[in-house]
Amino acid sequence: MPALHHRSRLAIAVVGTAALVLAASDSAVMADIDPAVLQAEAARIEVIRAASRCAVSIFAGDAGGGSGVLVSPDGYALTNFHVVEPAGPAMRCGLNDGRLYDAVLVGLDPTGDVAVIRLLGRDDFPHATPADSDDVQPGDFCFAAGNPFLLATDLQPSISVGIVSGIHRYQFPAGTILEYADCIQVDAAINPGNSGGGLFAETGRLIGVNGRASFEKRGRVNVGVGYAISMNQLRNFSGLLRGGRLIDHATLGATVSSSADGRVLVSDILQSSDAWRRGLRYDDEIVALAGRPVRTVNAFKNVLGTLPAGWRVPLAYRRAGRRHDIVVRLAGVHSAAELAALVAGEPEPPRGGPGPDAPRLPAPRPADRSRPSAETARLPESIRGLYDPRPGFVNFHFNAVERDRVAAVIAKSRPAATAAAWEFAGARAEGGRFQLRLADDEALIDLPTGISRIDPAGDLAADSGPPGSGGLLAALAIWRQLVRSGPTAVGGTTYWGTAPLDPQVLAAGFAAELIDVLEVSVSGMTAQIAVNAGGVVTQMELWTNADAEPCLVRFGSPRPDDPRGLPTRFDVSRGDEVFGTFIVEPAAEGQP
Amino acid sequence: MSAWIRSLVCLLVGGWAVLTMGAGTPQETIRSAARKVVKLYGAGGLRGLESYQSGMLVSPDGTILTVLSTVLDTDEIDCVLDDGSRHRATLKGVDPRRELALLTIDAADLPAFTLEPGGPIAVGTRVIALSNLFGVAVGDERVSAQRGVVSAVVPLEARRGATEAPFTGDVYVLDCTTNNPGAPGGAVVDSQGRLVGMLGKELRSTASGIWLNYALPTAELDRGVRAIMSGTTGSVATDASPFDARLCGLVLVPDLLDKTPPFIEAVLPGSSAATAGLEPDDLVIAVGGRAVASRAAVERELGRLAAGDPVRLSVIRGGRIVECDLGPRPAAKE
């Protein structure tokens, strides 16, 4: 390492001297040059300098290597699945400060060809600032920073410059699982080894992660056609990836095709899908998905490819001239076992028809591709205590990290003297009054239709009451336990990831706010609980079983003067049915 | 030294500034020029033969210029415009020598390039290539844009025989990988969006294995379009074969050797050769400025010309070079 350090300093010295020679040689030369040109040059040098600082050169020994890009001061970096897949859970990463850092695998999105790793040893890593990749236009200048042909043995990344050639490109999986949806096409040189490196805008902001290129008859080198995974897609998945998950991509449960007149029509749909439940049928014309217009099958696939399974997204369709707007929950494409098999390296039969010019991946690897298996590979000292593979998780250690982070935010927001029993009373917008009592020994709701009661300490699944709610009392009991006692008090709690609180905000693209979601499994039921940055639970959904319509509860903001910080209303619905809108009255009168 | 540095600095930052500070931004140039580029889908799809290529609109009523290729070997050529609309295209005519084809679609008021045969483009000019490369843009997705520099203006067959193309005139060699599958027929424009040329078919040097990135100049496109419109292009078969010099009134010495020197044996009276002042015993050294070393080469060069193209011979007579214009080349005999 000292030798490398020395060499990089030498390189800097050489470059620096050359620059000095240039600067000092002929001042008249500089005077001839339009100041705007000099400014452009200076700006470009600065952008390249910043991009180089956060560029990661990944070395995976015999398994090859590639590139990455740091996105947080505590060392989280983005790269490609196909770069880390042969490397195993531990890798060595170089930065242009001339130092090598240990890194550990955090999360994988095999379909999207994305991986998150964490570099260890610092909390002040230089990192890139993301930008809205939907603002990118063909003709924009861009930079790729990375480790092409694994040349960065001195840990200095290579920079290639180009323009954006195309946006919203769709690249078929082409015989692999890796699907590049909504990607950015560039003519900056993307060669084997550039995979996983950052694509930067002229402003120096990160707009994507390079990962693929069109190769055909000219050998596996740049032909001016590279593809980067868009920053907006990366952002949608980053919460799940940081949670150490093995991530799946989404399906609507319906396929679409072009009609003769160019409309995008539903050509097949599963009756078990949420889309069917919400009313989508054969031959409906898809108009928009997640707030983006859909005019071609490619556009539909582009939008879908950027969305994680499990999210609820707005869908607009047209039938008989009338537009319908619904919100649909996306399902996973693969089963958990299928995903695990994919990551274990078992080939998947190709899905879409790979074209004759199916692009291949730039993954430089030595001939010997023996992968360290879980049994044979001994964990390096560097990642001891930081790596915990479990079914469904790439590295559960980081799930616990995220879960505990959210728990800490909830705990901070929780008023110290929360009453043992939470009591709410008020009017139901649909008519009548209600009373709700949540305590350690009972959860009770009194409605005009009758009283329902469960024992929070007993089997929550014993009663999915009140009738028609889909498990409202169980949901509220879990909510109270989570908020009062923290995630370890309620069954198995994991960090799910991030999701838009309101599906409609997805129309804002990069600006859409995503919030943390915890997942609780208890008594065969599953609950997903959305927690905002202030530690307040804003929404939860409860499934009494996997195929059931969930009970959705949205919590109204607490009154500022309420020391308990409890919600002022509950909006409860199930599927398309509103169960009730409960307006809580100030608790002054009946509360102890 | 200082001049060297000056050019280095200009190279380093000049191009950047030119593209970022031009009258139109590159984004605007691409946006407006891409509206004149079309995606074409036809025959192919077999190993190594793409079923798609690019084309450019050259008239508002739907005339499309593209390269002559196997993609057009079908009655069902589909043309997708920038707005994603799909049209059935009809082959109107071809120029086999320049390997150009004109198609038409039934449309009106389309944005189109004008084939102004302006001055030659200087080496070093910054250009943007717009094409349907690799077929990655479908439907209403915009064609791909790549930026580069005209790095040379040279005859396409600079290394004689190294590339197999009937066209032998000057082309613009580009410094970027523009001539990918699907790119032939794409537009090359300058920073103002003016047409510089058209990406030619994929050509690989048989000598070095290197793929060539090049564009046919606008002036050549203009000549090709006019030849097609006036019906003066021959068919592929007759044009590729040697042209009988007697049709111009020239009787060359009998072709007995591997490289029979192209001496004129006789000039037919009343022929264009006679009018041009050619005489027996003149030695032909060039056809249209292109050196010919044998009798066979003369007839081959004449064959490369399209019917109607001007025929100009350079001959040696009494130790001096004499230039003779024979007027338009007649059509080859069936």
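All of the numbers you see were taken from the coordinates with simple rules; none came from a lab. Please read all numbers here as calculations on a predicted model, not as lab measurements. Glycine gets a Cβ as well: all are built from the backbone with ideal geometry, and neighbour counts include every protein chain shown.
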What spacing in nm lies between the two simple spin-label points modelled at residue A:523 and residue A:388, each 7 Å away from Cα in the Cβ direction? 2.7 nm
The stretch B:252-334 pair-distance distribution - Cα-Cα, 5 Å bins, rounded %: 3, 16, 25, 29, 20, 6, 1, 0
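Can you give the FRET efficiency for residue A:259 and residue B:229, using 1/(1 + (r/R0)^6), R0 = 41 Å, r = Cβ-Cβ distance, to the nearest 0.05?
That pair, residue A:259 with residue B:229, gives E of 0.65.
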Work out the charge dipole of chain B with +1 on the Cβ of Lys and Arg and -1 on the Cβ of Asp and Glu about the Cα centre, then indicate which of B:285, B:136, B:173 is farthest towards its positive end. B:173
Using the Karplus curve 6.51 cos²θ - 1.76 cosθ + 1.60 with θ = phi - 60°, work out ³J(HN,Hα) for each residue of the stretch A:279-292 in order, rounded to whole Hz, and write x for Gly and Pro. x, 6, 9, 3, 6, 5, 8, 6, 10, 7, 9, 6, x, 10
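So for B:127, B:322, A:56, A:37, fewest C-beta neighbours within 10 Å to most, what's the order?
Working: B:127 24, B:322 15, A:56 32, A:37 20.
Going from least to most buried by this count: B:322, A:37, B:127, A:56.
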Calculate the FRET efficiency for residue A:585 and residue A:446 from the Cβ-Cβ distance with a Förster distance of 25 Å, rounded to the nearest 0.05. 0.95
From the convex hull of the Cα coordinates of chain B, what is the mean projected area in square nanometres? 20.7 nm²
So for the stretch A:48-171, considering every pair of alpha-carbon atoms, how many percent are separated by more than 20 Å? 43 percent
Within the stretch A:303-322, which residues have the backbone N less than 13 Å from the label spot 7 Å out from residue A:283 along Cα→beta-carbon, could you tell me? A:319-321
Hey, how much of the P(r) for the stretch B:290-334 falls beyond 13 Å, as a percent of Cα pairs? 60 percent
From largest to smallest, what semi-axes in whole angstrom does the stretch A:93-156 give when each is the square root of 5 times an eigenvalue of its alpha carbon gyration tensor? 24, 18, 14
Cα-based Lys pair tally, the protein assembly as shown, threshold under 26 Å, eight or more apart or on separate chains: 10
Kirkwood hydrodynamic radius (C-alpha pairs) into Stokes-Einstein, the stretch B:135-235, 10 °C and 1.306 mPa s, D in µm²/s: 108 µm²/s
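Below 9 angstrom from the Cβ of residue A:263, what's the summed charge of the other residues (Lys, Arg +1; Asp, Glu -1)?
Neighbour charge sum, excluding residue A:263 itself: 0.
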Extension gain, residue A:124 back to residue A:439 (0.36 nm per residue minus Cα-Cα distance, nm): 108.9 nm
Go through the stretch B:48-64 residue by residue and turn each phi into a ³J(HN,Hα) via Karplus (6.51, -1.76, 1.60, θ = phi - 60°); whole Hz please, and just put x for glycine and proline. x, 10, 6, 9, 9, 7, 10, x, 9, 6, 10, 8, x, 9, x, 7, 10
So, counting K/R as plus one and D/E as minus one, what does the shell of residues with Cβ under 11 Å around residue A:554 add up to? -2
For helix A:396-413, what angle does its Cα long axis make with the longest principal axis of chain A, in degrees from 0 to 90 and rounded to 10? 50 degrees
What is the distance, in nm, between label points placed 7 Å from the Cα along the Cα-to-Cβ direction at residue A:39 and at residue B:83? 3.9 nm
Extent along principal axes [Cα atoms of the stretch A:433-541; Å; largest to smallest]: 45, 32, 24
Neighbour-count ranking [beta-carbon atoms within 10 angstrom, fewest first] of A:422, A:496: A:422, A:496
Can you tell which of B:85, B:314, B:32 shows the greatest fluctuation in a Gaussian network model of chain B with Cα springs below 10 Å? B:85
Of B:252, B:306, B:273, which is farthest along the charge dipole of the stretch B:252-319 in the positive direction, counting Lys and Arg as +1 and Asp and Glu as -1 at C-beta? B:306
Taking amide hydrogens as modeled 1.01 Å from N in the peptide plane, which residues meet the under 5 Å criterion relative to residue B:100, leaving out close sequence neighbours? B:68, B:95
Near the amide H of residue A:497, under 5 Å away, which other amide H atoms are found, from residues 5 or more places off or on another chain, if H is placed in the peptide plane? A:517
Sites residue B:90 and residue A:324, calculated FRET efficiency, Cβ-Cβ separation with R0 60 Å, nearest 0.05: 0.90
Can you list residues whose amide H is under 5 Å from residue A:539's amide H, if they're 5+ apart or on another chain and H is modeled 1.01 Å from N? A:530, A:555
Pairwise label distance in nanometres, residue B:28 with residue A:547, each label 7 Å out on the Cα-Cβ vector: 6.1 nm
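Going from the alpha-carbon gyration tensor of the stretch A:186-241, what semi-axes, largest first and in whole Å, does one get by taking the root of 5 times each eigenvalue?
23, 13, 8
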Quick one: angle between helix A:472-485 and the longest Cα principal axis of chain A, in degrees between 0 and 90, rounded to 10, please. 60 degrees
Neighbour-count ranking for A:326, A:410 (other C-beta within 10 angstrom, fewest to most) reads A:326, A:410
Going from the alpha-carbon gyration tensor of the stretch B:32-126, what semi-axes, largest first and in whole Å, does one get by taking the root of 5 times each eigenvalue? 22, 18, 13
For every other residue with a beta carbon closer than 12 angstrom to the beta carbon of residue B:27, add +1 if it is Lys or Arg and -1 if Asp or Glu, then tell me the sum. -1
Average beta-carbon neighbours from other chains, 10 Å sphere, peptide A:251-263: 1
Gain in length, residue B:107 to residue B:244, computed as 0.36 nm per residue apart minus the alpha-carbon separation, to one decimal in nm? 45.0 nm
Mind jotting down a quarter of the surface of the convex hull over the alpha carbons of chain A, in square nanometres, one decimal? 32.3 nm²
Quick check: the angle from helix A:35-53's long axis to the longest principal axis of chain A, C-alpha only, nearest 10 degrees? 70 degrees
